[in-house]
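Notes to accompany the following structure.
The values are calculated or read from the model by the stated rules, or taken from the named source; none is laboratory data. These numbers come from a predicted model, not from an experiment. A quick note on method: Cβ atoms are made from the backbone with ideal geometry, for glycine too, and the neighbour counts reach across all protein chains shown.
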Amino acid sequence: MGLNLTRKILKDHLVEGTMEIGEAISIKIDHTLTQDATGTMAYLEFETLGLDRVKAERSVSYVDHNMLQVDFKNPDDHRYLRSIAKKFGIHFSRPGNGICHQVSLERFDAPGKTLIGSDSHTPTGGGMGMIAIGAGGLDVALSMAGEPYTIKMPSVVNIRLTGKLQPFVSAKDVILYLLSKFDVKGGRGKVFEYTGPGIETLSVPQRATITNMGTELGLTTSLFPSDEITRDFLKKEKREDEWVELLPDTDAQYDEVVEVELSKIEPMVAKPHSPGNVVPISELEGKPVNQVVIGSCTNSSYTDLVTAAKMLKGHKIPESVGVGLLPGSRQIMNHLADEGWIGHFVMSGVRILESACGACIGMGFAPGSNEVSIRTFNRNFLGRSGTKSAEVYLTSPEVAAASAITGKFTDPRKSGIEPFTVEIPEEFIVDDSMIIPPLSPEEAKKIDIIRGPNIKPLPLKDALADTIDGEVLLKVGDDITTDHIMPAGAQILPLRSNIPEISKHVFKVVDPEFYNRAMEKKGGFIIGGDNYGQGSSREHAAIAPSYLGIKAVIVKSFARIHLANLINFGIIPFEFKNSDDFEKIEQGDKLEIGVSDIRKQPVIMKNIAKGQEYELVHTLTDKEIDVLEAGGKLQYVKKHS
């Protein structure tokens, strides 16, 4: 039986386990990626391991999230990260060099490698033919230490592409189409592997747009083969020596096959407040728009931004619309400047924003109250833009540019602009002067780590007791995101290295009194619905609740990364054996769970307030139970080192 590409790469990196769907496997990690919003905590965790140097083949630290410097907190963190990189043998991408996923694709991603990153959109690297997985910072810290990374073996779905996209329809519409088909839960426990003649029509950056947003499907990762198109991209980046051909076997077996005819896809839009709430542009045509933002790690390729520039050329943005350009990397910004495209943006009335995550993570350029914002981003969760009352829609650069010109949702195929092609340069501008390479081990010994006053030690949880009890502090519904649990934004992101302070914002957008209640009750439980914890890899959505004394989260089902983060920080992730029991529990109920023999299922949970009992189950491996019993993964690793 032939192997698909996913199984080929996993087999080459397999350290422990058998590749049977749902079984735990441990794989060797070649590359690691961090960004400053999650990286500061990841490196605090790495420091506790007592190593002199990272053991991964290549580790890169990016500064791209916390870029607003309204006080000392963010620049202090950047200084800490720079000193950590020098101390431990890590590449350091300076502020202004670009968004981690875009820069990684340009300068570091390589076919056939494994990459783990402390950002949920790390699967962008799948566009380069690598297994790239988002994870919590602690798992990344352990991978930097040379520890294998453990996941449940996913099923592999063949997304077979045929045909060719119409003019003004792009890769963003492909992934939005798939989201309309599968929604935000449809990819859990799966990898989407793209094959078929249609892939030959997609460049590496277009492929990366699709794999980037595969995260919103709940996928473990997504990937394309490494072929001549991959080789050409690496040649343009002057990295052709890193290319290897990687294809599935001609008789490769898949667990499922989905046929997608590219020529039938039309421009798509994700409506508020979910990337899975997708409709064709025809359902929104004519709706007034107040703001447009073009760029981000999802849509910052040369083709994306030059396409937008060509569409905007000669047009003036209506006074009722604010438009921003958010280039994903300094490389792309250099091309736009050298070739005059920046001038077309400026002359049309577009504001040029920094090459950073910026508006996508709630760091500036927020829409006004009740305004409609079109963004070429990957997420439109409630309040993520910085304005809770705003309506945020996700589109392609083509839809965004056409709508910016008219001031209303516009199908670019009906914009009056003649179809055109974008010629990609023979070579990209390569300037790595803002990537600081690792020091030698001898030089690294001389480096002192610099810590600002906002950087606090990581609080650790005690070992698990035989019985856990407390009140239900909060009950929430389906599809609760990590943005609900631990919001982003300009006020909160700078606190990522200070757990006591950032904990004051847990569930703030859901219930402003949650922090006070958790402190008063000395912790307790959270009850949730289906797909709890979807979205970002931010482990702070587990660390901060752990600090507040959350002992267990009981839900109908979990999103993959958040489930792992809960385990890492000593919070037991239970699921209802009977989902109807969810309806029987209310906020304020007093619960008691005996966990002395958690390995036996089901586990009985008593509702003292109502005199009821419920059966709970879990997906924990024996090692994960050992981690929970130790109080968390760091405690477990120290105990066994």
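Out of all the residues in segment 128-163, which are more than 28 Å from Ile199 (Cα to Cα), in contact with a helix residue (DSSP H, G or I) (Cβ under 6 Å, 6 or more places away or on another chain) and either in a loop (DSSP other than H, G, I, E, B) or outside the structural domain of Asp30 (by TED's automatic domain parsing) (or both)?
Within segment 128-163, Gly136 is the sole residue that qualifies.
Which of the residues spanning segment 344-379 are part of a loop (DSSP other than H, G, I, E, B) and either more than 21 Å from Cys100 (Cβ to Cβ) or aromatic (Phe, Trp, Tyr) (or both)?
Once the filter is applied, which keeps residues that are part of a loop (DSSP other than H, G, I, E, B) and either more than 21 Å from Cys100 (Cβ to Cβ) or aromatic (Phe, Trp, Tyr) (or both), segment 344-379 yields Gly349, Val350, Phe365, Ala366, Pro367, Gly368, Ser369, Asn370, Glu371, Phe377.
What are the residue pairs meeting all of these: first residue in segment 624-641, first residue aliphatic (A, V, I, L, M), second residue crowded, with 19+ Cβ neighbours inside 10 Å, Cβ atoms under 6 Å, and 6 or more apart or on different chains?
Within 6 Å, the pairs are Ile625/Ile598; Val627/Ile567; Val627/Lys633; Val627/Tyr636; Leu628/Leu464; Leu628/Ile572; Ala630/Tyr636.
Checking the conditions here, which among Gly529, Gly533 is surrounded by 17 or more Cβ atoms within 10 Å (Cβ to Cβ), outside the structural domain of Ala135 (by TED's automatic domain parsing) and farther than 28 Å from Gln35 by Cβ?
Gly529
Of all residues in segment 323-336, which are part of a strand (DSSP E or B) and either of a type in the set (S, T, N, Q) or in contact (Cβ under 8 Å) with a residue 60 or more places away in the chain (or both)?
Listed by number, the residues that qualify are Val323, Ser329.
When you scan segment 410-432, do you find a residue that is under 30 Å from Lys73 (Cα atoms) and surrounded by 13 or more Cβ atoms within 10 Å (Cβ to Cβ), even just one?
Within segment 410-432, one or more residues are under 30 Å from Lys73 (Cα atoms) and surrounded by 13 or more Cβ atoms within 10 Å (Cβ to Cβ).
Here is a check on your reading of the model: is Gly187 under 30 Å from Val399 (Cβ atoms) and either part of a loop (DSSP other than H, G, I, E, B) or free of Cβ contacts under 8 Å to residues at least 60 places away in the same chain (or both)?
Spelling it out, Gly187 is indeed under 30 Å from Val399 (Cβ atoms) and either part of a loop (DSSP other than H, G, I, E, B) or free of Cβ contacts under 8 Å to residues at least 60 places away in the same chain (or both).
Failed condition for Ser320, given (1) assigned to a loop (DSSP other than H, G, I, E, B); (2) surrounded by 16 or more Cβ atoms within 10 Å (Cβ to Cβ), with all others met?
(2)
Please work out which residue is surrounded by the fewest Cβ atoms within 10 Å (Cβ to Cβ), limiting yourself to segment 453-504 and to residues that are assigned to a strand (DSSP E or B) and of a type in the set (Val, Ile, Thr).
Among those residues, the one meeting the criterion is Thr467.
Take Val293 and decide whether it is crowded, with 19+ Cβ neighbours inside 10 Å, of a type outside the set (D, E, K, R), assigned to a strand (DSSP E or B) and within 25 Å of the chain's Cα centre (by Cα). Steps first, answer last, please.
Working: crowded, with 19+ Cβ neighbours inside 10 Å: yes; of a type outside the set (D, E, K, R): yes; assigned to a strand (DSSP E or B): yes; within 25 Å of the chain's Cα centre (by Cα): yes.
Here the answer is yes, as Val293 does meet what is asked.
Filter segment 210-233 for residues that are under 24 Å from the mean Cα position of the chain (by Cα) and assigned to a helix (DSSP H, G or I) and give the result.
Ile210, Thr211, Asn212, Met213, Gly214, Thr215, Glu216, Leu217, Thr230, Phe233
Are there any pairs, at least 6 apart or on different chains, whose C-beta atoms fall under 7 Å, with the first in segment 53-82 and within 13 Å of Gln35 (Cα to Cα) and the second in a loop (DSSP other than H, G, I, E, B) and among the acidic types (Asp, Glu), and if so, which?
As it stands, the answer is Met67/Glu354, since those pairs meet every condition given.
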